[in-house]
Structure formats: structure tokens, C-alpha cells
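Only one structure is covered here, and it is reproduced in the block below.
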Amino acid sequence: MLIMPSRRQVLTGLAAGAGITAATGVYALDIEPLHRLVVTSYAPTLPRWDPSLQLRVAVLADFHICEPFMPFDRVAQIVEATNALEPDLVLLLGDYPAGRIAWRKLPLDQFARMMTELKAPLGTHAILGNHDWWDDHTVQRNGRGVPAVRRLLEAQGIPVLENRAVRLVKNGRPFWLAGLGDQQPFFDAWNTFSLADLPRTLDPITDSAPVILMAHEPDIFVAVPDRVSLTLAGHTHGGQIRLFGHAPAIRKVQGHDYSYGHVIQDGRHMIVSGGFGMSRIPVRMGVPPEIVLLELGKTDAVTAAS
């Protein structure tokens, strides 16, 4: 026998549904993107890594500074939390300005000065992302040039790697840090033009020391050679909305899910950071802003959030 719900039951159900929807909206629009900050730790066993090289790396991606979604007090909180981890090396993976979601853009020179407050014995090193190019109207108009944020970071003593590699040493153990040019710096109605030159980036590497590759967009991973021990990427924000371990807004790359986390493909390793900020829509749910902490040279793979 079919029992029809009463009018009170229907109204109660609608009210409950509306309450859940409202609570979810508040969480996705405010609590997760603006007030949560987690540390996601990885200790992968990497190919071609020197087991005697113990390296602690903090990875910061996709700040997208602006008001109200990434104000400077939030940046200061991230810097303080990063320093508390006592990394050997800090890596910035690009996308420093916010783009269209910004209610008010913030000065990039102040952001660059704040990045000098990051403390690590091997320094802070950066690459550029697509928004660093897209937000610079001069380089977009001319189709070439140096984005303002690169000049500002370099003026503060922070190297910005574009299709080049540098050799660093910790406790007598060398490794290479390579930075790829952005894969989407210029675009028009029909095409996206890339500055990424992977062979040129890896060409200076002349010995057997391990290689860490920084690439803003993870798409390049399909072409990264075995010589690279670990690729680091951002750009995706983990999909911004992540449900049951999946990011419906992020397309696959040649059938592979590069949206977030530790990716192992044909024995090669990549870690994609969820980053901090937002683009397109000011919402994050299921992928809270994160500092990625790498503990390299350890034998057990661990992923933890706090």
C-alpha cells in the first residue's frame, strides 16, 4: 500500500534540504577556502634518488592573491605555517595573482616581499604559471616579455626558473632543481602557445644526481623522461570541488587523471598540489588549501593531512 507523506513531512523535508544546501554553500564559499589550511605530507620512494640525500621540501602553489579570497593576512598565515615545518627548500609553483574572481587585486610587490620571509637553508625557488602571464596585460598585448611578478620576485632574490636547471647541494649530496616554462602563457580565440621546453630545461643536467622538476601544469608529465626522479605541479587546485576522490571539472590527459595527489605512471612519479587559491569560481569543497611537505630519502610513503 502506498502511503503518501503528510504536508508537514513534506515541508519538514524541504526545510532540511534547504538547510543542508545552505550549510554546504557556506562551507564551500567561506570555511574551506578562507579558513582551512592543511599540511599534506609525502615520503615517496623515488627512482634514481640518492638514499643518503635526506631532503625536506615545502611546496606552495596557486596563491591567487586578491581580496577577499586571498588577502595578505592569509598569505602571512601560510608563510608562518611553512616556516614552522623547517624545510630545507621552499618551492613556489606559480599563479600568484588571482584573475577574474578578484573583487580587488593586491600589489604583487608586497607579495614578493612576503615571500622573502620564507626560511629555508637552500632558499626559495619559483616558476611561473599561466595566470602570471595572463594577468600581465603588457606581455599579453605584445606576445612576449617578462611578467611583472617575475621581475618582482627576482628583485627580492628569489630565482625564477624558466626552462633551466640549477644544481643544489645538501650535506655534500647534490641534486638538480629544474623549472619548466609555462605551458599556457599566451592564448587567443583559436590557440594556446607554450613556452615549455623540456629538452632545454633538462639539458644542463650532466651527472647522475637526482632531478626534481617543477612544472605549473601537470599535463607535461606524459612527456617527462625517466631521468627525472619527481615532477611537482599545481594549477588544478585539486579540481576545487572534489567528490569521492574525483574532480569532475578536471579533464584527463591522454586518459590519465592528473587532477591531484601522488601519481605513479610507468614507474615515474608526480605530485600535484591542491594549492591555496581559486580561479573561475570562488569555491573549494573536498580539497582544502594545502602546504605540500616532501620528506625525500625516506623509505615509507605517507600521506597525512592536519
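The values are calculated or read from the model by the stated rules, or taken from the named source; none is laboratory data. Please read these numbers as outputs of a predicted model, since none were measured by experiment. Using ideal geometry, Cβ is built from the backbone for each residue, glycine included, and neighbour counts are taken over all protein chains shown. Please note that ligands, DNA and RNA were not included when accessible areas were found on the heavy atoms of the full protein model with its side chains. Shrake-Rupley method; radii C 1.70, N 1.55, O 1.52, S 1.80 Å.
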Residue 195 paired with residue 45, simple spin-label distance in nm, labels 7 Å along Cα-to-beta-carbon: 3.9 nm
For region 76-126: relative contact order, % (alpha-carbon pairs under 8 angstrom, 6 or more apart): 59 percent
Solvent-accessible surface ranking, highest first, for 62, 88, 109, 266 at 1.4 angstrom: 266, 109, 88, 62
Rounded to whole Hz, the Karplus (6.51, -1.76, 1.60) HN-Hα couplings of region 215-221, x for glycine and proline: 9, 4, 8, x, 4, 5, 4
Interchain or long-range residues, amide H under 5 Å from residue 253's placed H: 258
Residue 36 accessible area, assembled protein chains, probe 1.4 Å, Å²: 90 Å²
Distance between modelled label sites at residue 223 and residue 52, nm, 7 Å Cα→Cβ extension: 3.7 nm
³J(HN,Hα) computed for each position of region 56-65 - Karplus, 6.51 cos²θ - 1.76 cosθ + 1.60, integer Hz, glycine/proline x: 10, 10, 9, 10, 10, 10, 6, 5, 6, 5
Residue-by-residue Karplus 3J(HN,Hα) for region 255-262, coefficients 6.51, -1.76, 1.60, Hz, glycine and proline x: x, 10, 8, 10, 6, 5, x, 8
Per-residue SASA entry for residue 170, accessible area with 1.4 Å probe, Å² rounded to 10: 40 Å²
10 Å beta-carbon shell around residue 253, net charge (K/R +1, D/E -1): -1
FRET efficiency, 1/(1 + (r/R0)^6) with R0 25 Å, evaluated for residue 156 and residue 205 via beta carbons: 0.40
Residue-level accessible surface for residue 138, protein heavy atoms, 1.4 Å, Å²: 70 Å²
Estimated FRET transfer efficiency (residue 173, residue 281; beta-carbon r; R0 45 Å; 0.05): 0.55
Pairs of Cα atoms farther than 26 Å apart, region 109-240, %: 25 percent
Diffusion coefficient, µm² s⁻¹, Stokes-Einstein with Kirkwood Rh over alpha-carbon pairs of region 152-210 at 37 °C and 0.692 mPa s: 248 µm²/s
Hull volume in cubic angstrom per residue (convex hull over the Cα atoms of region 11-296): 146 Å³
Kirkwood hydrodynamic radius (C-alpha pairs) into Stokes-Einstein, region 160-306, 4 °C and 1.567 mPa s, D in µm²/s: 79 µm²/s
Heavy-atom accessible surface of region 11-296: percent carbon and sulfur, 1.4 Å: 56 percent
